[in-house]
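Participant: Have a look at this one before I ask anything.
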Amino acid sequence: MKIYINNIEYDANPDETIIQVADRNNIKIPRFCYHKHLSVVASCRMCLVEIEGVKFAQPACSTPIKEDMRISTKSSKTKEAQKSTMEFLLINHPLDCPICDQAGECELQDVSLKHGDDHSKYLEFKRVVVDKDISPLISTEMTRCIHCSRCVRFGEEVAGNKELGLINRGEFTEIRAFIEDGVSSELSGNMIDLCPVGALNNKLYSYKARTWDLKQHPIISPHDCIGSNIFYHVYNNEIVRAIPKENSDINQTWLSDRDRFGYQGIYSKDRCYVSKHRKNKTLERVDSQDIIKKVNNAINSSLDKNTSSKIGSFISAQSTSEEMFLFQNLLRKLGIKNIDHRTNERDFDYQDTYPLMPSLGCNINDLSEYDNIILIGVNIKTEYPILTVRLNESVKQDTKIYSYHYFNMDEDFPVEKKFVMNNTDLLSLFQEHTLESCRNKKNLLVIGPNITYFSNQSVFLQALDKFAKNINSQIGYLTDFCNSTSGWILGNVPHRTIGGVKLDNPGLNATEMLENDLSTLIFYNLDPENDFHNSSALINSLQKSECNIFFTSYLTPIIEKYADYIVPISTYAESDGSFINIEGRFQSFNKVITPNSNVIDGWRALNELNILNNHQAYTIESIRSELSSTLSKIDFTSKILIDKKKYELDKSTKVHKNSLRHIYSTDQIVRRAKSLNETIQANNKSVYVSRDIFDDSENKKILKVVENNRVFKIDNFQIRDDLPSRTIVYSSSFNNKFTESKSTFVSLKK
Ligand code: SF4
Ligand code: FES
């Protein structure tokens, strides 16, 4: 179809509106209420344009095109219509641009400059709207609101959680939160971007800088395996805010609050800025030039004294691919095979038959092509908020979503059916289950990280494999960290080297390393307090080992107490790096800010150790080209044999103790992001107990739980009637440690 805009011919699709054709061809039409990812309401009238043969100017956002339509975006009729709209919008808008955070990027300011008048006829008092404190993340100046309703439609249509609404009419129209202090969506920050004026503002950025003084740097989210694209805005070498970098394949134009505000953790008070070495039982400061040499001497003298099998090494899967490549490269060249990134797991029997790396099994863009998506042990709303947008889109295209979990949790998209059962019942169900509604359909079964914490993970994965076959479903994974994919494919596991090549003599896995009285332990980018399945076992190992080496960005109490060497390393934003997302996308980024001068670039520290041991020296480019060539040679479609091992089912009547991944405690950085941890969602720090456990207990005030022969008393529990029988669930937040392991069987003491 052909249409003419300003007398130039353009191709157009029959189902397009005028604004869509104009946008595609870079023809500017002012707008406030229109947004390409929201429904069209045509309420602001800013996009009025003249159409030949039509008496009055028409809204470009809602007017469908017709063959040979002739539109003018520059005619005097168009200009007059837009000028009048602007005059009305400015009647009540305050003239506080000099102190408005939106200044410099305000759509109203820009449109007013181009389409407004130079004086106002309005001599009455402007209206004032009283502000409400709606969130620790968003500040409001509601007098500036122009009632475009983008924020309202976002909640309803994209986030699936309508928390703001328009109340009253005409002069008295207001945007209000339904609950006074209650914007709690995990995607709430997107309303700040959508607001065309300075009514909804980023609280962390308030009065920090003027927008024209900011430097913009692209980066990839370090908080989940989706790999959202972000722009960090930097002022005086400090990240002052984050906004989405549009990527239609991943995060579109949205960001989760975790990705938007998580950077605050970089500026935590417990950042580690000093290299240290323990001498005569006290940690002493070491020159940052010398610490790498000292660490190298410590590793090599340990290799001289013991065998390499007495050295254990752990790396966080939040580390970059470059760090993971160099970490295993260094250790394997030194003959050390005890390497693992799966520190939150307990049961590794499954590892030989696991795919080369965990993967979603499809592209994020293709999720809506499935008839059924079956979620296993995962809460998308809190664990992968950005996927809520995609699942809402999928449901609109008739995908049905099912959920199996040991805890009843809300989602912000419609769930066809929820199955809430304890681990043992879920396991029995999967052995025989056939979800009839999914038969002969296109199905995707998505396994979440909570399953990986299970002390019987292997038997669970085997049962899920059987379930998937029963309903002819593809299997996909969502992982614990942003770069667990690299953990697997780059050989940071004890049984496979880089590229997933199988080792004949595997090293010890994360649990075995803590149970085998090793003489030297190396930790890279991990919080001992939170990033291990069993922190008691970890402390026990730290006490027994002769040498504990920590490469860390944070100085935690356990590190301070047990470290023999501390190397202060950069965070993700302070170094060049890459992450491989759950679709297998390799995304690189450059350093955004320069850290304290004592902090060492993580990959450079590992490279230096390689050089000291006469191994190949790398540059960031040479690592990336080696990674690209490794990844290009891998056949990700190769099927792994199905695990034929027979696992014993635990039929005991013990109590199931499970943790829930706390929304803002999932990784080192975000658990230190103060404002996120002040949100309503972050307050979930309770221990939940099923009704039958409470009824059986003699003491109604204190429950005594026995785990690994130790007795733990819980006095701050809540009884949940919707919790499956024989179940205790706790939220694994930064400061809520409950007993020893993340998921296990416990018994109760009378
Ligand atoms: S608060 Fe902003 S986004 Fe919401 S209606 Fe007002 S101007 Fe529009
Ligand atoms: S943008 Fe078209 S009416 Fe608001």
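Participant: If DNA, RNA and ligands are ignored and the probe is 1.4 Å, what is the ranking of TRP603, TRP212 by accessible area, most exposed first? Please list the in-between numbers first.
Facilitator: Working: TRP603 10, TRP212 155 Å².
I get TRP212, TRP603, largest accessible area first.
Participant: Could you tell me what percent of the DSSP beta bridges with both partners in the chain are antiparallel, to the nearest 5?
Facilitator: Working: 58 of 105 bridges.
Given both bridge residues lie in the chain, the antiparallel proportion sits at roughly 55 percent.
Participant: Distance check, please: which entries in LYS704/LYS742; LYS337/LYS502; LYS417/LYS469; LYS79/LYS245; LYS79/LYS126 exceed 22 angstrom between their Cα atoms?
Facilitator: Checking Cα-Cα distances, LYS79/LYS245; LYS79/LYS126 exceed 22 Å.
Participant: Let me ask something else. Taking the Cα centre of region 430-489 as origin, work out the dipole magnitude from +1 charges on Lys and Arg Cβ and -1 charges on Asp and Glu Cβ, in debye rounded to 20.
Facilitator: Details: 5 positive and 4 negative charges, 50 e Å.
With Lys and Arg at +1 and Asp and Glu at -1, about 240 debye.
Participant: Give the shape of the chain as rounded, prolate or oblate, defined through the alpha-carbon gyration tensor: a ≥ b ≥ c are the square roots of its eigenvalues, a/c under 1.5 means rounded, and otherwise the shape is prolate if a/b is larger than b/c and oblate if not. Don't skip to the end; give the middle numbers.
Facilitator: Numbers: a/c = 1.84, a/b = 1.59, b/c = 1.16.
Prolate, because a/c is 1.5 or more and a/b exceeds b/c.
Participant: Continuing with this model, one more query. Are any of the pairs LYS466/LYS633; LYS66/LYS396; LYS2/LYS77; LYS396/LYS442 more than 21 Å apart by Cα-Cα distance, and if so, which?
Facilitator: On the way: LYS466/LYS633 30 Å; LYS66/LYS396 28 Å; LYS2/LYS77 23 Å; LYS396/LYS442 16 Å.
Where the Cα-Cα span goes over 21 Å, the pairs concerned are LYS466/LYS633; LYS66/LYS396; LYS2/LYS77.
Participant: Let me ask another. On a 0 to 90° scale, report how tilted helix 457-470 is relative to the longest principal axis of the chain, with both axes built from alpha carbons and the result rounded to the nearest 10.
Facilitator: Its long axis makes an angle of about 50 degrees.
Participant: What is region 2-91 by shape, rounded, prolate or oblate, if you read a ≥ b ≥ c off the alpha carbon gyration tensor as root eigenvalues and call it rounded for a/c under 1.5, prolate for a/b larger than b/c, and oblate otherwise? It would help to have the intermediate numbers written out before the result.
Facilitator: Working: a/c = 1.94, a/b = 1.30, b/c = 1.49.
Oblate is the answer for region 2-91, as a/c is 1.5 or above yet b/c matches or exceeds a/b.
Participant: Need the full-extension length gain, LYS28 to LYS74, defined as separation in residues times 0.36 nm minus the C-alpha distance. One decimal, nm.
Facilitator: Values: separation 46, 0.36 × 46 = 16.56 nm, distance 0.98 nm.
Computed gain between LYS28 and LYS74 is 15.6 nm.
Participant: Report, in debye and to the nearest 20, how large the dipole of the chain comes out about its Cα centre when Lys and Arg carry +1 and Asp and Glu carry -1 on their Cβ. Let's see the in-between values first.
Facilitator: Working: 92 positive and 97 negative charges, 208 e Å.
The dipole magnitude comes to about 1000 debye.
Participant: With a Förster radius of 30 Å, plug the Cβ-Cβ distance of CYS97 and GLN718 into 1/(1 + (r/R0)^6) and report the FRET value to the nearest 0.05.
Facilitator: Values: r = 49 Å, r/R0 = 1.63.
Efficiency for this residue pair is about 0.05.
Participant: At 1.4 Å probe size, with every protein chain present, just tell me what the per residue accessible area of the chain comes to in Å². Walk me through the numbers on the way to the answer.
Facilitator: Details: 30980 Å² over 750 residues.
Normalised by residue count, the accessible surface of the chain is 41 Å².
Participant: Can you tell me the length gained on complete extension of the stretch LYS502 to ALA617, counting 0.36 nm per residue apart and subtracting the Cα distance?
Facilitator: Details: separation 115, 0.36 × 115 = 41.40 nm, distance 2.56 nm.
My answer for the length gained is 38.8 nm.
Participant: Which one of GLN681, ILE239, LEU334 has its Cα pushed farthest toward the positive end of the charge dipole of the chain, where Lys and Arg give +1 and Asp and Glu give -1 at the Cβ?
Facilitator: LEU334
Participant: For the chain, what relative contact order do you get, as a whole percent, if you take Cα pairs closer than 8 Å and at least 6 residues apart? It would help to have the intermediate numbers written out before the result.
Facilitator: Working: 1555 pairs, mean separation 99.2, N = 750.
Once divided by the residue count of the chain, the mean separation gives 13 percent.
Participant: Still on this model: Restricting to DSSP H runs of at least four residues, report the calculated mean residue ellipticity at 222 nm for the chain, -39500 (n - 2.57) per run over all residues, nearest 500 deg cm²/dmol.
Facilitator: Numbers: 20 runs with 177 residues, N = 750.
Computed ellipticity for the chain at 222 nm equals -6500 deg cm²/dmol.
Participant: If I ignore ligands, DNA and RNA and count only protein heavy atoms, how much of ARG70 is accessible to a 1.4 Å probe, in Å² to the nearest 10?
Facilitator: Its heavy atoms expose roughly 80 Å² to the probe.
Participant: Continuing with the same structure: Excluding residues fewer than 8 places away in the same chain, name every one of the aspartates and glutamates whose C-alpha is closer than 19 Å to that of LYS294.
Facilitator: GLU284, ASP304, GLU546, GLU560, ASP564, ASP601, GLU608
Participant: Right, something else. Taking +1 at the Cβ of each Lys and Arg and -1 at the Cβ of each Asp and Glu, which of THR485, LEU464, VAL501 sits farthest along the dipole of region 438-514 towards its positive end, judged by Cα position relative to the Cα centre?
Facilitator: The residue sitting most towards the positive pole is LEU464.
Participant: Going by the alpha-carbon gyration tensor, a ≥ b ≥ c the square roots of its eigenvalues, is region 364-477 rounded (a/c under 1.5) or, if a/c is not under 1.5, prolate (a/b greater than b/c) versus oblate? Walk me through the intermediate numbers first.
Facilitator: Details: a/c = 1.77, a/b = 1.28, b/c = 1.39.
Taking the square roots of the gyration eigenvalues as a ≥ b ≥ c, region 364-477 is oblate.
Participant: Counting only protein heavy atoms and a 1.4 Å probe, tell me what percentage of the chain's accessible area is made up of carbon and sulfur.
Facilitator: Working: 15030 of 30980 Å².
It is 49 percent, rounded to a whole number.
Participant: Hey, another quick one. Hey, how many Å between the Cα centroid of region 491-528 and the Cα centroid of region 262-323?
Facilitator: 17
Participant: Compute the normalised compactness of region 234-334: alpha-carbon radius of gyration over 2.2 N^0.38 Å, N being the residue count.
Facilitator: 1.54
Participant: Can you find, among ASN379, ILE364, LEU391, the residue farthest towards the positive end of the dipole of region 355-398? Put +1 on the C-beta of Lys and Arg, -1 on that of Asp and Glu.
Facilitator: Checking the options against the dipole of region 355-398, the answer is ASN379.
Participant: Same structure again: Under a no-solvent Debye model with one identical scatterer per Cα of region 41-197, what's log10 I(q)/I(0) at q = 0.12 Å⁻¹?
Facilitator: Ignoring solvent entirely, the Cα scatterers give -0.61.
Participant: Here's a follow-up. Sorted by accessible area with a 1.4 angstrom probe, largest first, how do ASP366, ASP118 fall?
Facilitator: Details: ASP366 50, ASP118 135 Å².
From most accessible down to least: ASP118, ASP366.
Participant: A follow-up question, please. Report, in degrees rounded to the nearest 10, the 0 to 90 angle that the Cα long axis of helix 385-396 makes with the longest principal axis of the chain.
Facilitator: Here the helix axis deviates by roughly 60 degrees.
The values are calculated or read from the model by the stated rules, or taken from the named source; none is laboratory data. Worth saying up front: this structure is predicted, and the values here are computed from it rather than measured. Every residue, glycine among them, receives a Cβ derived from its backbone with ideal geometry; neighbour counts consider all protein chains shown. Protein only, heavy atoms only, side chains kept; ligands, DNA and RNA dropped before computing areas. Shrake-Rupley method; radii C 1.70, N 1.55, O 1.52, S 1.80 Å.
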